[in-house]
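Q: Quick one: the structure is below, questions incoming.
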Protein chains: 2
Amino acid sequence: MREFLYPEESTWPELIKRPSQNIMQLEQEVKPILKDVKERGDEALKYYSKQFDQVEAKSLIVSVYEINQAQKKVNPALKQAIRLASQNIEKFHRAQKETVTRIETQPGILCWQKSVPIERIGLYIPGGTAPLFSTVLMLGIPAKIAGCSEIVLCTPPDRKGEVDGSILYAAHSVGIQRIYKVGGAQAIAAMAYGTESIPAVYKIFGPGNQYVTMAKLLISLECVAIDMPAGPSEVAIIADHSAEPDVIAADLLSQAEHGSDSQVLLVSTHAPLLAQVKESILFQLVELPRKKIAEAALRNSILVLLDNVSLALKFVNMYAPEHLIIMTEGPQKIADKVQNAGSVFLGKYAPESAGDYASGTNHTLPTNAMARSFSGISLDSFMKKITFQDISPEGLKNIASAIVTMAEAEQLQAHKRAVEMRLEKLNDRLDNEYR
Amino acid sequence: MREFLYPEESTWPELIKRPSQNIMQLEQEVKPILKDVKERGDEALKYYSKQFDQVEAKSLIVSVYEINQAQKKVNPALKQAIRLASQNIEKFHRAQKETVTRIETQPGILCWQKSVPIERIGLYIPGGTAPLFSTVLMLGIPAKIAGCSEIVLCTPPDRKGEVDGSILYAAHSVGIQRIYKVGGAQAIAAMAYGTESIPAVYKIFGPGNQYVTMAKLLISLECVAIDMPAGPSEVAIIADHSAEPDVIAADLLSQAEHGSDSQVLLVSTHAPLLAQVKESILFQLVELPRKKIAEAALRNSILVLLDNVSLALKFVNMYAPEHLIIMTEGPQKIADKVQNAGSVFLGKYAPESAGDYASGTNHTLPTNAMARSFSGISLDSFMKKITFQDISPEGLKNIASAIVTMAEAEQLQAHKRAVEMRLEKLNDRLDNEYR
């Protein structure tokens, strides 16, 4: 890890640069896959399954039998853990339900906004080295609370053509029935365009490798919504003299083991911490099964020493981390001033892994400085807001002249006429009543 | 307008197809402009200003003097109309502020979600045939309520190198100071990458022609957020026997005059309405200054007769209109069942132009069936949500075993260690206290 002692503010933009991720170069590789799936449907999916996953797919859908079998294999302790995590995730996301408030903007003009579920959504769950069943919970639970009526899940099969049991268990526990053994860019294409087996959806969620991310970006150009462009995972830690080096080291490593392209940052106001944390990292690394991955990630990572906590906060807001852990005295005061971060962890007993799994907050979060403008996944991500207006004759009269004046200034005569026509009809009606 | 009498449900997907908009073909034209602005900054902006707007730009920024002068030219009636509209827009959007609710998902685990303004945003206001000052209000007012600290506005100059006075007045009334005379794809590039004059922003809002839309889509691939991909404007009207044909015709025309690529739909349950509306359209068309545009739009548009209101609603939900006007008896009952629409207008006295200008709802809405998954602009669009968790020792103990079990199953040992390390430190501390 590179160390920076009291760097000048002018050098910060350079320090916070992410390792470059040139996924645009994959555009030419991914485009033909999308086109092929659009044109040949299931045939294309089976072709890519053979080519990329080395699997002869008989059926793309996971059968009820497979789901039942898989569940028997998941051990009871894991089932219980999933239940507890699910309860917390559900509790936090259910609290995000919004009530409809009607606002009378002027007498006779009632306006309101209502959240309505997105009817058809698709979830992508990557395969690879570890089965990410936790992401099934993080996407599936809010989708169910939102009331999405059709939820499709795609995940790549292993070499035996099977889907990991814990993924099937998590999906089943959430209430997702349509699970397909399809991975990669072709899965994104299938959910965007629809095939004989897989229905087209309106919004696609979930992490994935660079091909999946590229596919999501490309289909987002064709009016299918996506959750957000996903990049490598990150954590930043703000720590003062009160923080424990071993705990910081453990947190940095827990992020670093995600992938060799992960990035971890320690921003401290306490000089001795830097050496202590580095030492502890070396010590803890030894026993890690994913040591190689973590080491690679640490090479992209930095330790920064700054004069005070408010500078540290400024640095972190500029970096806009996916995860931010605040290990200082009085973390709440600092948390209140966070402007750019995906999810924030306060104090000594809030490891990032709590949010990754079980505290209740969502773990699908904006990376690569996108926290400056993007939110993580919440109940909102599975709904859209529709506005309504109910206008009485009195209400229309109250705003008629403003509309007419503005429409004229924008040279939209028919806009003006739509108001005037109503006023004429209203006058006719009143005349008739007086007669 | 084409007419469809009692069409079979199986034919609906064909009926609701939008006129095709192949903006992807512009990709190769727009990409070099983006690249050029990224590399040459202001130089490139001036070059394109000359090429596309036929203007020799001396300065890109609109001066305080220009803003003051422009305001003198705006007539008092328009100023008053803008003030009234602004009040209603402000009232409706201010009511969208969310309060932070802390949820204890389990004893000792406190989670909450907080909306924080996006610090730097960019607004694009098109030039062209009419000055869209109303869009300045629709984007600027919620941005100010959200608390965005830096708001940049780009709009193309006219042949004299000037910006329309009503746009400057609207911007000034909202409190936007940084206004640049730059239009087209190059304006989007400038706000995405930043130039010597124009600061880079984190999210770009606003309508525009196909080049602007393509530019927004392309920069969204590079981690700059955009409001939504904008397509041609649309309205659908559900009308029964109680609706007045002249009013329907006026509303259809008010949408049709937006652009020749606009689309309007009437879905009725009352057979005589169709002929009456067509007749009224012909009559009203005569006096419209934008007759040619409206006629072209009407050629893309359809009248549909269906058996009952619930079928009409089903049809409209499948179409997912940007604007939906419900002119039936008891419109509220129908409004409650709307699943896909941008903004809904209830009853005889709610023309679309009310929402376009002055009722208080936002007029930047999802088009091209995007209402299935996208919301229109709201206060939320200018903020992002950050989640927080504050976990006590008791809280960590309550979820520790779930985290450890799940992390192990996902083969993430360091995630598990981050929890265990904290528990060890906690035990050490307790031991010390007992001693």
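The values are calculated or read from the model by the stated rules, or taken from the named source; none is laboratory data. Quick caveat: nothing in here was measured; it's all calculated off a predicted structure. In this analysis, Cβ positions are derived from the backbone assuming ideal geometry, glycine residues included, and neighbour counts consider all displayed protein chains. Remember, those area values only see protein heavy atoms, side chains included, never the ligands or the DNA or RNA. Shrake-Rupley method; radii C 1.70, N 1.55, O 1.52, S 1.80 Å.
Q: Check A:S262 against each of (1) modelled with pLDDT under 95; (2) open to solvent by 10 Å² or more (accessible area, probe 1.4 Å) and name the one condition it does not meet.
A: (2)
Q: Hey, can you tell me all the residues within the stretch A:184-207 that are on the phi > 0 side of the Ramachandran plot and surrounded by 22 or more Cβ atoms within 10 Å (Cβ to Cβ)?
A: Matches in the stretch A:184-207: A:G184, A:G206.
Q: What are the residues in the stretch B:277-317 that are more than 13 Å from chain A (Cβ to nearest Cβ), open to solvent by less than 20 Å² (accessible area, probe 1.4 Å) and not in a helix (DSSP H, G or I), if any?
A: Correct list: B:S301, B:I302, B:L303, B:V304, B:L305, B:L306.
Q: Could you grab me the full set of residues in the stretch B:219-240 that are surrounded by 22 or more Cβ atoms within 10 Å (Cβ to Cβ), farther than 21 Å from B:N362 by Cβ and facing another protein chain (nearest Cβ under 10 Å)?
A: B:V224
Q: Going through the stretch B:345-379 one residue at a time, which ones are farther than 21 Å from A:M406 by Cα, open to solvent by less than 10 Å² (accessible area, probe 1.4 Å) and not in a loop (DSSP other than H, G, I, E, B)?
A: If the condition is that a residue be farther than 21 Å from A:M406 by Cα, open to solvent by less than 10 Å² (accessible area, probe 1.4 Å) and not in a loop (DSSP other than H, G, I, E, B), then B:L346, B:M370, B:A371, B:L379 are the ones that fit.
Q: Return only the number of the condition from (1) facing chain B (nearest Cβ under 9 Å); (2) open to solvent by 30 Å² or more (accessible area, probe 1.4 Å) that A:A418 does not satisfy.
A: In the conditions (1) facing chain B (nearest Cβ under 9 Å); (2) open to solvent by 30 Å² or more (accessible area, probe 1.4 Å), A:A418 misses (2) alone.
Q: Sticking with this structure for a sec: So which of A:A249, A:A271, A:A256 ends up being over 24 Å from A:S20 (Cα atoms), in the same structural domain as A:N317 (by TED's automatic domain parsing) and open to solvent by less than 10 Å² (accessible area, probe 1.4 Å)?
A: The unique qualifying residue is A:A249.
Q: Limited to the stretch B:396-415, what total is found for residues that are at the interface with another protein chain (Cβ under 7 Å from one of its Cβ atoms) and touching a strand residue (DSSP E or B) at 6+ places or on another chain (Cβ under 7 Å)?
A: So the answer is 1.
Q: Still on this structure: List every residue pair whose Cβ atoms lie under 7 Å apart, where the two residues are 6 or more positions apart in sequence or sit on different chains, the first residue falls within the stretch B:202-223 and is more than 23 Å from B:E150 (Cβ to Cβ), and the second residue, located anywhere, is not in a helix (DSSP H, G or I).
A: Listed pairs, sorted by first residue: B:N209/B:P126; B:T213/B:P229; B:T213/B:A230; B:L217/A:L221; B:L217/B:P229.
Q: If B:L252 satisfies every condition in (1) farther than 19 Å from B:P272 by Cα; (2) of a type in the set (A, V, I, L, M, F, W, C); (3) without any contact (Cβ under 8 Å) to a residue 60 or more places away in the chain; (4) more than 7 Å from every other protein chain (Cβ to nearest Cβ) but one, which is the exception?
A: Among (1) farther than 19 Å from B:P272 by Cα; (2) of a type in the set (A, V, I, L, M, F, W, C); (3) without any contact (Cβ under 8 Å) to a residue 60 or more places away in the chain; (4) more than 7 Å from every other protein chain (Cβ to nearest Cβ), B:L252 violates only (1).
Q: Return the pair list, or none, for Cβ contacts closer than 9 Å from residues in the stretch B:98-121 that are more than 7 Å from every other protein chain (Cβ to nearest Cβ) and buried (at least 18 other Cβ atoms within 10 Å of the Cβ) to residues that are among the aromatic types (F, W, Y) and not in a strand (DSSP E or B), at least 6 apart or on different chains.
A: Here the result reads B:W112/A:F92; B:P117/B:F382; B:R120/B:Y202; B:I121/B:Y202; B:I121/B:F382, each pair linking the stretch B:98-121 to a residue that is among the aromatic types (F, W, Y) and not in a strand (DSSP E or B).
Q: Can you tell me which residue among B:A85, B:A81, B:A77 is facing chain A (nearest Cβ under 8 Å), surrounded by fewer than 17 Cβ atoms within 10 Å (Cβ to Cβ) and either out of contact with any strand residue (DSSP E or B) (no Cβ under 9 Å at 6 or more places or on another chain) or under 28 Å from B:A354 (Cα atoms) (or both)?
A: B:A77
Q: Based on this model, can you work out whether B:V116 counts as assigned to a loop (DSSP other than H, G, I, E, B) and either over 27 Å from B:S59 (Cβ atoms) or at pLDDT below 95 (or both)?
A: Answer is no for this residue.
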